[in-house]
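The values are calculated or read from the model by the stated rules, or taken from the named source; none is laboratory data. Keep in mind that what you see is a predicted model, and the values were worked out from it rather than measured. Don't worry about glycine lacking a Cβ; one is built from the backbone with ideal geometry, like all the others, and counts go over all protein chains shown.
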Amino acid sequence: MKIVVLDGYALNPGDLSWDGLSRYGEVTVYDRTPADQVIERALGAEILLTNKTAFPASVLEQLPGLRYIGVLATGFNIVDTEAAKRLDISVTNVPAYSTDSVAQLVFALLLEVASRVGLHDEAVHNGEWVGSTDFSFTKAPLMELAGKTIGLVGFGSTGRKVSEIARAFGMRVLASTSGRRSYPETEGVSFVSLNELFEQADIVSLHCPLTPETKDLVNRDSLARMKPGAILINTARGPVVNEADLADALNRGHLLGAGVDVLSTEPPQADNPLLNARNCVITPHIAWATKEARIRLMQITTNNVGAYLQGTPVHVVNA
């Protein structure tokens with residue numbers, strides 16, 4: 001059994017082990033695979049594991065021995081799942097492995113925008129406190145989260161975890177989700193339409209998958225619906241937000257700030273408008289990347305491969 005990992009570095013930069021996969025076959029791990037080397041490296045493998053290496057139909061059709069693709073992530077839009085199904089290739093993902101880690105970064109971003117810790121730390125280290133005539137000073141407006149309304153676009157495992165933390169902060173929680181009937185109001189969440197959420201929330205946090213329907217979901221119109229001084233947090237997918245429209249809303253001062261962990265192109269191009277936008281905190285797609293989350297990702301990935309080989313596949317996204 002030939003197993004090939006095409007871009008394993010993000011999951012395992014050296015602090016984890018691929019040994020669990022070895023009991024299922026001969027494992028070859030590449031840190032990264034350029035697009036023009038995918039077919040060469042994948043040819044002959046029955047099992048491929050990929051994080052961001054793409055598998056359009058044109059590539060899948062050149063891999064006759066391929067029977068299984070394990071996506072090393074929750075999102076699986078990098079694989080043409082319909083083509084894979086037609087070619088009898090099972091595709092699996094790894095759901096919910098990073099729920100706690102992503103929710104943690106949501107609040108790291110939110111607190112940075114609301115309390116401007118980094119800005120004030122920099123000011124202190126630049127000598128501004130030493131030279132101050134007052135015992136306290138502020139460099140930007142600060143926001144208290146208690147009593148504020150957070151709106152969650154999407155209410156899967158991460159959205160639910162964020163709602164729990166938000167309630168601990170004393171926040172009111174709104175949610176907009178296609179799965180509304182699955183969640184009782186007794187969870188302390190009020191379910192509203194998407195337009196109502198944008199209009200009522202002081203903070204909007206995105207937790208929806210990237211689909212044709214959610215691409216550019218946050219755009220000039222939805223941003224205009226948000227309250228002046230509101231905050232946008234995106235730990236979902238970059239293309240859910242129209243970045244030019246968000247940059248404009250920030251630079252005009254309509255929003256207090258934004259915190260984003262994902263961009264439309266990663267790594268971003270130098271002319272991405274958010275890189276120079278006012279009060280925009282950007283992290284390099286790290287919400288999923290705590291060691292604890294990566295250990296879970298490795299274990300579930302290994303279990304997915306084992307289940308497939310035993311004839312009882314789990315987490316199949318193209319059944």
- Message: Just checking, does the range 133-142 include any residue being in contact with a strand residue (DSSP E or B) (Cβ under 7 Å, 6 or more places away or on another chain), basic (Lys, Arg), on the phi < 0 side of the Ramachandran plot and in a loop (DSSP other than H, G, I, E, B)?
- Response: no
- Message: If I go through the range 282-319 residue by residue, how many of them are in contact with an Asp or Glu (Cβ under 9 Å, 6 or more places away or on another chain), at positive phi and without any contact (Cβ under 8 Å) to a residue 24 or more places away in the chain?
- Response: 0
- Please enumerate the residues belonging to the range 70-122 that are among the polar types (S, T, N, Q), within 20 Å of Ala166 (Cα to Cα) and over 13 Å from the mean Cα position of the chain (by Cα). Ser115
- Task: Sort out which residues of the range 134-168 are of a type in the set (Ser, Thr, Tyr) and modelled with pLDDT of 95 or more, and write them in order of number.
- Result: Ser136, Thr138, Thr149, Thr158, Ser163
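With Asp88, Asp7, Asp15 as the choices, which residue is in a loop (DSSP other than H, G, I, E, B), in contact with a strand residue (DSSP E or B) (Cβ under 7 Å, 6 or more places away or on another chain) and of a type in the set (D, E, K, R)? Step through it out loud before you land on a result.
Numbers: Asp88 fails: in contact with a strand residue (DSSP E or B) (Cβ under 7 Å, 6 or more places away or on another chain); Asp15 fails: in contact with a strand residue (DSSP E or B) (Cβ under 7 Å, 6 or more places away or on another chain).
Of the residues listed, the single one that is in a loop (DSSP other than H, G, I, E, B), in contact with a strand residue (DSSP E or B) (Cβ under 7 Å, 6 or more places away or on another chain) and of a type in the set (D, E, K, R) is Asp7.
State whether one or more residues within the range 261-273 are modelled with pLDDT of 95 or more and part of a strand (DSSP E or B).
Taking the range 261-273 and keeping what is modelled with pLDDT of 95 or more, we get 261-273.
Add one more test, that the residue is part of a strand (DSSP E or B), and what stays is none.
No: the range 261-273 contains no residue that is modelled with pLDDT of 95 or more and part of a strand (DSSP E or B).
Test Ala73 against the stated conditions and say whether it is of a type outside the set (D, E, K, R), touching a residue at least 60 places away in the same chain (Cβ under 8 Å) and either farther than 30 Å from Gly229 by Cβ or in a loop (DSSP other than H, G, I, E, B) (or both).
On the way: of a type outside the set (D, E, K, R): yes; touching a residue at least 60 places away in the same chain (Cβ under 8 Å): yes; either farther than 30 Å from Gly229 by Cβ or in a loop (DSSP other than H, G, I, E, B) (or both): yes.
For Ala73, the condition - of a type outside the set (D, E, K, R), touching a residue at least 60 places away in the same chain (Cβ under 8 Å) and either farther than 30 Å from Gly229 by Cβ or in a loop (DSSP other than H, G, I, E, B) (or both) - is met.
For residues in the range 210-235 being among the aliphatic types (A, V, I, L, M) and part of a loop (DSSP other than H, G, I, E, B), which is nearest to Arg252 (Cα to Cα)? Break it down stepwise before answering.
Initial filter on the range 210-235 (among the aliphatic types (A, V, I, L, M)): 210, 217-218, 223-224, 226, 230-233.
Filter once more, keeping what is part of a loop (DSSP other than H, G, I, E, B): 210, 217, 226.
Numbers: Leu210: 27, Leu217: 20, Met226: 13 Å.
That would be Met226.
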- Message: Suppose the filter is in contact with a strand residue (DSSP E or B) (Cβ under 7 Å, 6 or more places away or on another chain), assigned to a strand (DSSP E or B) and either buried (at least 17 other Cβ atoms within 10 Å of the Cβ) or among the aromatic types (Phe, Trp, Tyr) (or both); does Leu109 pass it?
- Response: no
